[in-house]
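**Student:** There's a structure below that I have some questions on.
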Amino acid sequence: MPVEVTNIVVAGIGGQGVLKGTDILAEVALRAGFDVKKSEIKGMSQRGGSVTGEVRFGPEVYSPMVPTGEADFLLVLEPTQVAPNRHLLRPEGVLMTPAEINADELPNKKAINVALLGVLSAHLPMNEQLWLASLREGFDLSFFEANKQAFLLGRNLRAKANP
Amino acid sequence: MKIESERKLLSGDEAIALAARHAGVALGAGYPGTPSTEILEAFAEYGGRGQWSPNEKVALEVAIGAAFGGARALCTMKHVGLNVASDPLFTAAYTGVTGALVVVTADDPGMASSQNEQDNRRYAVAAALPMLEPSSSQEAYDFVFRAIEISERWKIPVLLRVTTRVCHSYTTVVPRNVPVEVRPGDYSKDIKSRVMIPAHARPAHRRLRQKLAEMLAYNESCDLNFIVPGDRSVGVITSGISYMHVREALPTACVLKLGFTHPLPLDRIKAFVDSVDRCLVIEEGDPYLVDAIRAAGLKVEGKPESFRFGELDVPRVRRIINHDLTPEIPKPTGKPPQLCDACQYRVVFESLRRRDCIVAGDIGCYTLGVLQPFEAMDSCVCMGASLGVGLGLRHVLPEAQARRVVSVIGDSTFMHSGINGLVEMVYNPPPTGHVLVILDNATTAMTGHQEHPGTGRTLSHEPTNRVVMEDLARALGIKRVFVIEPRFGTSEFDQLLGECLDRKELSVIIARRPCILIAKQLKQYAAREEAACECDTKPALCQ
Ligand SMILES: Cc1ncc(C[n+]2csc(CCOP(=O)(O)OP(=O)(O)O)c2C)c(N)n1
């Protein structure tokens, strides 16, 4: 079973939209028909503490927690949070940080979580329509255009890098 | 009520709330506490009647009343909340209920946000109550219905024991498509069952044991427990979230998954143990299952003591299976929380630090005053303890030290169990007097900004009567009661504290300023209340 489950960890600090990011990701996987589990440690996130959200999806998922060293993807929204979470990533796993995004191209700085979801989406089997639908419904509608732009910026990065 | 029976991704807390709603629960009462808080919030959002009580004991009593009245009632709290509510819990097991009563205890192994990691499965044994333990949101949803069924069949409160990972993990749920309307209460007199004088309680205890025996017989063949067939060379007995870790760590093993974990179906367990070559018991927290199974004379393997601490996960379960006792690599700690930069508590803790106070503290955001740069908290035991502990210190310390002792408590915590401590302060005043600082930020910030009796708003943020803490303190006979806004860049608070410390009298300082994180919401509530006042039906609340 473990081979068929995709494990993603999103990390950051309170206020960066970590949990919103995992919400969108989990919703997309659910709509794509997968079994999905999402886990989050909230604690005192509002007081600026660390926040992590974990999403696992596949034909059947048991534990809601990504086992140490088995994350396929680690999205980190705040550079200081790379070190405390790196142990979650498997050796060949992919780390994604804000450094991949040119902040000047973002419609607004807060959309970094959505931009990184875009980068992630290029590695996952779910189609673009599902992502955009979840982005539309997951936020206030007035944010949609900016989020779409941020998402596509991330999603098309790889295509740009290796044309 | 309409139910769409599509697949949803719900947290365990939301699943419990939705099930309570679908099962026609008439009243949900509780007190906030991680990881249980979201249950009542979601219940109210789904249209149920959910309310915060001042503390868990009162919440349980309200729920018992609703169940005496023939309705279906839900009561929610975190694990330590059940300590507070244990008095009514134990005797409600004797009285039984007329409607249904489901008591949710949300345990926090690993202490993501708690002061201890007690295992409340022990309460089921101690109070002699049936207990169900779901391991996913779907089970959390289904088990609420089953708990109600058991509660109504045996006329007994049922414990629904969940843990942080069940409460806060989002997993798929397919709701039932036949909702039940809320059934109103209807009183029928039953003095012998409900008035626990010894003459009634003696037979009630026997009745309780009889009910337990019947529930045990039921549990021996109940579908809340099931076997996952597999390789019989290793069998695992497990429950709750541990079941999920086990399925992942040992996908081929034969598993006995227990959902109804008190009273334990020991015949069934024996049959399972006999059917496998090697039998392991994998559970988080205390050795509750393994002790009971061994006491029944069965040969099973438990986990090494080091796994009593913290949560289990897949790698730890693999270690237990493989007898791997090599030191576990501690998980790197993330960025610890701290008081917000603009938090007014900073002014208070700065003053307490500067004056080298001995601070009997309490639980809330303000417990962060223990961290640098303040380190201005000397104790934190349980909610409400700041008063008693501070008074005890004042009674025994030499005068010079006693006069530095200050009790510090938050507004929600004051309403929860600080009031009793204040009564103690009036009744047994130390010779040096005492100083209580109530940090009133107009919310229960720590658990995500819930209302409480001092805010004048209900769980759903609608206006209601407000308990005014300064009036309460004055009514208790305390003469020196001050309300002050702690402001950065002024020494007003510090001066007032100094003055109170100098006197050998009882002083209460209410440091009042709303939490900055809810400034926006407070404005909205105020606007809403003002609009409502103009056409209003409840002028008594509009002062
Ligand atoms: C018996 C019990 N119930 C609930 C909790 C969870 N809890 C910890 S502190 C707290 C209340 C904090 O509110 P307040 O005193 O107003 O302080 P604030 O966080 O707003 O500073 C709660 C509900 C607990 N620790 N113990």
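**Student:** Regarding the range A:66-89, can at least one residue be identified that is farther than 30 Å from B:P251 by Cβ, among the aliphatic types (A, V, I, L, M) and away from every other protein chain (no Cβ under 14 Å)?
**Tutor:** Checked against the condition, which is being farther than 30 Å from B:P251 by Cβ, among the aliphatic types (A, V, I, L, M) and away from every other protein chain (no Cβ under 14 Å), the range A:66-89 yields no hits at all.
**Student:** When you scan the range B:141-156, do you find a residue that is within 14 Å of chain A (Cβ to nearest Cβ), closer than 29 Å to B:M383 by Cα and of a type outside the set (S, T, N, Q), even just one?
**Tutor:** no
**Student:** For the range B:110-194, give me every one of the helices (runs of 4 or more DSSP H) that falls completely inside it and has 1 or more residues that are under 30 Å from B:Q338 (Cα atoms) and within 16 Å of the ligand (Cβ to nearest atom).
**Tutor:** Values: elements: B:121-127, B:137-154, B:164-168, B:191-194.
Correct list: B:164-168.
**Student:** Can you name every residue in the range B:346-382 that is surrounded by fewer than 18 Cβ atoms within 10 Å (Cβ to Cβ) and on the phi > 0 side of the Ramachandran plot?
**Tutor:** Passing the criteria: B:D356, B:E375.
**Student:** Of everything in the range B:68-83, what is within 14 Å of the ligand (Cβ to nearest atom) and crowded, with 24+ Cβ neighbours inside 10 Å? Give them in sequence order. Even if it seems obvious, please write down each step before you answer.
**Tutor:** As a first pass, look at the range B:68-83 and keep what is within 14 Å of the ligand (Cβ to nearest atom): B:75-83.
Answer for the range B:68-83, where residues must be within 14 Å of the ligand (Cβ to nearest atom) and crowded, with 24+ Cβ neighbours inside 10 Å: B:C75, B:T76, B:M77, B:K78, B:H79, B:G81, B:L82.
Yes or no, residue by residue, for (1) more than 13 Å from the ligand (Cβ to nearest atom); (2) surrounded by 24 or more Cβ atoms within 10 Å (Cβ to Cβ); (3) not assigned by TED's automatic domain parsing to the domain that holds B:F493:
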residue	(1), (2), (3)
B:S417	no, no, no
B:V423	yes, no, no
B:Y427	yes, no, no
B:T443	no, yes, no
B:T455	no, yes, no
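**Student:** Looking at (1) over 22 Å from B:S169 (Cα atoms); (2) assigned to a strand (DSSP E or B), which is the one condition that is false for A:L75?
**Tutor:** Of everything listed in (1) over 22 Å from B:S169 (Cα atoms); (2) assigned to a strand (DSSP E or B), A:L75 misses just condition (1).
**Student:** Among what's in the range B:352-387 and is away from the ligand (no atom under 14 Å from the Cβ) and either among the charged types (D, E, K, R) or within 14 Å of B:M446 (Cβ to Cβ) (or both), pick the residue that is nearest to the chain's Cα centre (by Cα).
**Tutor:** Residue satisfying both the conditions and the ranking: B:D378.
**Student:** Could you give me the residue pairs with C-beta distances under 8 Å whose first residue belongs to the range B:251-278 and is free of Cβ contacts under 8 Å to residues at least 24 places away in the same chain and assigned by TED's automatic domain parsing to the domain that holds B:A292, whose second residue is in a loop (DSSP other than H, G, I, E, B) and not small (G, A, S) wherever it lies, and which are 6+ apart or on separate chains?
**Tutor:** From residues that are free of Cβ contacts under 8 Å to residues at least 24 places away in the same chain and assigned by TED's automatic domain parsing to the domain that holds B:A292, the pairs are B:P251/A:M1.
**Student:** With a cut-off of at least 1 residues that are more than 14 Å from chain A (Cβ to nearest Cβ), name the helices (runs of 4 or more DSSP H) lying wholly within the range B:204-313. Steps first, answer last, please.
**Tutor:** Numbers: elements: B:242-249, B:266-275, B:288-295.
Counting at least 1 such residues, we get B:266-275, B:288-295.
**Student:** Residues that are touching a Ser or Thr at 6+ places or on another chain (Cβ under 8 Å), away from chain A (no Cβ under 14 Å) and among the polar types (S, T, N, Q): find the helices (runs of 4 or more DSSP H) completely inside the range B:353-433 holding 1 or more of those. Step through it out loud before you land on a result.
**Tutor:** Details: elements: B:385-396, B:399-402, B:419-427.
The qualifying helices (runs of 4 or more DSSP H) are B:385-396.
**Student:** If we keep just the residues of the range B:50-67 that are in contact (Cβ under 8 Å) with a residue 60 or more places away in the chain and within 22 Å of B:V467 (Cα to Cα), which is nearest to the ligand (Cβ to nearest atom)? Break it down into steps so the answer makes sense when it comes.
**Tutor:** Going residue by residue through the range B:50-67, those that are in contact (Cβ under 8 Å) with a residue 60 or more places away in the chain are B:50-52, B:54-55, B:64, B:66-67.
Filter once more, keeping what is within 22 Å of B:V467 (Cα to Cα): B:50-52, B:54-55.
Details: B:G50: 16, B:Q51: 15, B:W52: 10, B:P54: 11, B:N55: 7 Å.
Taking the candidates together, the pick is B:N55.
**Student:** Now a separate question. So B:F349 clears everything in (1) away from chain A (no Cβ under 12 Å); (2) at pLDDT 95 or above; (3) more than 16 Å from the ligand (Cβ to nearest atom) except one condition, right? Which one?
**Tutor:** (3)
**Student:** Give the range B:312-351 a look and list any residue that's touching a His at 6+ places or on another chain (Cβ under 7 Å) and among the hydrophobic types (A, V, I, L, M, F, W, C), or say none.
**Tutor:** If the condition is that a residue be touching a His at 6+ places or on another chain (Cβ under 7 Å) and among the hydrophobic types (A, V, I, L, M, F, W, C), then B:L312, B:V314, B:V317 are the ones that fit.
**Student:** Just one of the numbered conditions (1) within 14 Å of chain B (Cβ to nearest Cβ); (2) not in a loop (DSSP other than H, G, I, E, B) is not true of A:D104; which one?
**Tutor:** (1)
The values are calculated or read from the model by the stated rules, or taken from the named source; none is laboratory data. These figures come from a predicted structure and were not determined experimentally. Using ideal geometry, Cβ is built from the backbone for each residue, glycine included, and neighbour counts are taken over all protein chains shown.
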